[in-house]
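Okay, so here's the structure we're looking at.
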Amino acid sequence: SQQGEEDPQALSIQEGENATMNCSYKTSINNLQWYRQNSGRGLVHLILIRSNEREKHSGRLRVTLDTSKKSSSLLITASRAADTASYFCATDPGTASKLTFGTGTRLQVTL
Amino acid sequence: SAVISQKPSRDICQRGTSLTIQCQVDSQVTMMFWYRQQPGQSLTLIATANQGSEATYESGFVIDKFPISRPNLTFSTLTVSNMSPEDSSIYLCSVGLAGVGYEQYFGPGTRLTVT
């Protein structure tokens, strides 16, 4: 399987803290994307980082990409209870846009 | 962006029967995909639904088990045939929009339980 690995599998933090989750993948990519899924519902696209980018920001989200290590990280700053969800990385090899999803990190933010 | 709806949102079916899931998009899109998410797992791509031609299936998925239709650029169906309890999953459709990279927009999913 070419599925990426994410760690940690589960993360529990208090509101206001930062949450960091990591993604490792195996093949060359055109871009890497992060998605959020609330309670087994549809996925919401969060951010996309291209293979020639090293860091990208969107609101409280910060994504880094290290293609030499085939890894990415997602940082959520000043977390909120509403951030409670599962987060998945997905790699796009650039051919027919077939995404390969990582194993996911379940984030629990408590008050 | 794109707004995607799926029907049904959930269903409980008996083994040996079939269920057809519908996916409707609010705009014309070229790329449409079907994924399966088994309980507590990540997403696995089943197939790419091609408009006007046969779907392209991923390894481990076959047309006889998961027939797909794509009659136009806004609609697709996935049928789960001759179901068994192992088919209990969330089935999601998504669409890809051309841009810098192909970010995908997902439907809300269909939660299928097979008894």
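The values are calculated or read from the model by the stated rules, or taken from the named source; none is laboratory data. No experiment lies behind these values; they were computed from the predicted model shown. No Cβ is skipped: glycine too gets one built from the backbone with ideal geometry, and neighbour counts run over all protein chains shown.
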Mind checking which pairs have a first residue in the range A:4-33 that is among the hydroxyl-bearing types (Ser, Thr, Tyr) and a second that is assigned to a loop (DSSP other than H, G, I, E, B) and exposed (fewer than 13 other Cβ atoms within 10 Å of the Cβ), Cβ under 7 Å, 6 or more apart or different chains? A:Thr27/A:Gln2
Could you check how many residues of the range B:56-75 are loosely packed, with under 13 Cβ neighbours inside 10 Å and closer than 19 Å to B:Ser5 by Cα? 2
Residue in the range B:14-24 that is within 12 Å of chain A (Cβ to nearest Cβ) and of a type outside the set (D, E, K, R) present: yes
Sole miss for B:Lys65 among (1) within 14 Å of another protein chain (Cβ to nearest Cβ); (2) at pLDDT 95 or above is condition (1)
Considering only the range B:48-84, state which residues are of a type in the set (Gly, Ala, Ser) and on the phi > 0 side of the Ramachandran plot. B:Gly52, B:Gly60
